[in-house]
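Only the coordinates and a few stated rules stand behind these numbers; no lab work does. As the structure is a prediction and not an experimental result, all values here were calculated from the model. All Cβ positions, glycine included, derive from the backbone under ideal geometry; neighbour counts span all protein chains shown.
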Amino acid sequence: MHQVVAEYQRFAELIRRVLPDAPPGPGAAETEAAVQVERGIVLLDALVAPNETSGWAIVDRLIRLAAQGRIDQIEFVDAAGHHRDVYRPMTIYAWLVAFRILYEVLPRQEFGRWDEGLRPWCDLLEAELGPLALSDDDAGGGTAAVRGGSVAEAAWTALALHVAGKIFVRDAWTDLAADAFGRLARGQQASGAFLRASPSDHPELRWYHELAILHAAASYAVQAEDRTIARAIARGTAFVLAEIEPDHATAQPWGLFAFIWNPAARPLADQLLHAVEMRRGAVDGVSLILLADALYCLRLFTDPGPQP
């Protein structure tokens, strides 16, 4: 066990080493109807410098939007203006974990603003999780890769709801998350893939979705202490090692903690971190959120503290 913790500490230090001195914030891609996923960097703020003012400015717009209503019409984009289905639940998840970390240090007024601002976003995620199918009834089982974006969105939505359920003591949310990840695991292919491929699928897009799903599932498994999902993660990382070339699918460190968790996949984790280090001065917001989430998961092993 000591050797495992030491290895996790090594990776935590590697992650801290590749973090930029000045993470990018939201910029020109934000409009009246669009929010940048970079607002999820609040999680990095909370991890690196947890204090009573961490993240105030970066989540202020999310709080104001929640108060105005109609948040279902807000699009989430990256700095290049590109939209991906996972961006909204990823951003809200990162904000929720930051809230969890800062629970004891936020001043009462700001605590109340975060609490009131997060709830409508979580209600929206709950409403949208149901229609996001995670499996098919047709021959072969599992969800077709053509719907990979929807599955990745569902996985990140379920992850966010798991954290929200713990914070706000809403068993319905944690139950929804457990059910979603249970269905995901039951639909996993014999190869370890979460998606059922066909000859017409674009391989790099399918790989991207597999990595996005794997990342959310691994984060859920460790936070929920779900052994069934942990076994699915082991099969999923084995699939990646055998079938996927992550650098062909994305330059972002999707699945990082999953690869650290599996000893056989740690060389791949080292490779992903090296690739991030090579572009340290221009690391994008999505990559920083993924790095922060991996660092948070590692801390649950190396420095577990009280959680609300």
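Describe numerically, in nm with one decimal, the distance between label points set 7 Å from Cα along Cα→Cβ at Glu245 and at Ile71.
Taking the simple label geometry, Glu245 and Ile71 are separated by 4.1 nm.
Could you size up the charge dipole of the chain around its Cα centre, putting +1 on the beta carbon of Lys and Arg and -1 on that of Asp and Glu, and report it in debye to the nearest 20?
On the way: 27 positive and 40 negative charges, 96 e Å.
Charge dipole, the chain, about its Cα centre: 460 debye, nearest 20.
Could you list the GluC sites (Glu not before Pro) in the range 1-52 that lie in coil according to DSSP, counting only those with at most 10 other Cβ atoms within 10 Å of their Cβ? All intermediate terms of the calculation are to be shown ahead of the outcome.
Details: sites: Glu7, Glu13, Glu30, Glu32, Glu38, Glu52; in loops: Glu30, Glu32, Glu52.
For GluC sites (Glu not before Pro) across the range 1-52 that sit outside H, G, I, E and B with at most 10 neighbouring Cβ atoms in 10 Å, the list reads Glu32.
Given the range 171-308 reduced to its alpha-carbon atoms as identical point scatterers, what log10 I(q)/I(0) does the Debye formula return at q = 0.09, 0.11, 0.19 Å⁻¹?
-0.27, -0.40, -1.16
Mind listing the long-range amide H neighbours of Gln36? Cut-off is under 5 Å, sequence gap 5 or more, other chains count too, H placed in the peptide plane at 1.01 Å from N.
Those lying under 5 Å, H to H, from Gln36 are Val77.
Restricting attention to the range 1-68, which trypsin sites (Lys or Arg not before Pro) occupy a DSSP loop and are surrounded by at most 10 other Cβ atoms within 10 Å? It would help to have the intermediate numbers written out before the result.
Values: sites: Arg10, Arg16, Arg17, Arg39, Arg61, Arg64; in loops: none.
The qualifying sites: there are none.
When all C-alpha to C-alpha distances in the chain are sorted into bins of 10 Å, what percent of pairs does each bin hold, rounded to whole numbers?
6, 29, 38, 22, 4, 0
Per residue, how much space in cubic angstrom lies within the convex hull of the C-alpha atoms of the range 1-95? Walk me through the numbers on the way to the answer.
Working: hull volume 12.8 nm³, N = 95.
It comes to 135 Å³ per residue, whole-number rounded.
Using the C-alpha gyration tensor of the range 233-308, what are the square roots of 5 times its eigenvalues, in whole angstrom, with the largest one first? List each step's numbers first, then the result.
On the way: eigenvalues 87, 65, 19 Å².
Whole-Å semi-axes of the equivalent ellipsoid: 21, 18, 10.
Convex hull over the alpha-carbon atoms of the range 22-161: what's its volume per residue in Å³? Please report the intermediate quantities before stating the final value.
Details: hull volume 16.4 nm³, N = 140.
Considering the Cα atoms of the range 22-161, their hull volume per residue is 117 Å³.
Can you give me the convex hull volume of the Cα atoms of the range 1-46, divided per residue and expressed in Å³? Don't skip to the answer; put the middle values down first.
Working: hull volume 4.3 nm³, N = 46.
So the per-residue hull volume is 94 Å³.
Skipping prolines and chain starts, which residues have an amide H placed within reach, meaning under 5 Å, of the one on Arg196, given they are 5 or more residues away or on another chain?
Under 5 Å from the amide H of Arg196 lie the amide H atoms of Thr143, Ala144, Ala145, each far enough along the sequence or on another chain.
Do any trypsin sites (Lys or Arg not before Pro) in the range 65-119 lie in a DSSP loop with no more than 16 other beta carbon atoms within 10 Å, and if so, which?
Numbers: sites: Arg70, Arg84, Arg100, Arg108, Arg113; in loops: Arg70, Arg84.
Listed in order of number, the matching sites are Arg70.
For the range 15-28, take each phi angle, set θ = phi - 60°, evaluate the Karplus expression 6.51 cos²θ - 1.76 cosθ + 1.60, and give the result in whole Hz per residue in order, putting x for glycine and proline.
5, 4, 5, 8, 6, x, 5, 10, x, x, x, x, x, 5
Where does the charge balance sit around Leu118 when Lys and Arg score +1, Asp and Glu -1, over other residues with C-beta under 14 Å from its C-beta? The partial results should precede the final answer.
Details: positive: Arg39, Arg61, Arg64, Arg88, Arg100, Arg113, Arg119, Lys166, Arg170; negative: Asp60, Glu110, Asp115, Glu116, Asp123, Glu126.
Summing Lys and Arg as +1 and Asp and Glu as -1 gives +3.
Per-residue HN-Hα couplings for the range 183-200, Karplus 6.51 cos²θ - 1.76 cosθ + 1.60 at θ = phi - 60°, whole Hz, x for Gly and Pro?
Once θ is set to phi - 60°, the couplings for the range 183-200 become 5, 4, 5, 5, x, 4, 6, 4, 6, x, 5, 8, 10, 8, 7, 9, x, 8 Hz.
What spacing in nm lies between the two simple spin-label points modelled at Arg231 and His202, each 7 Å away from Cα in the Cβ direction?
Output for this residue pair reads 3.6 nm.
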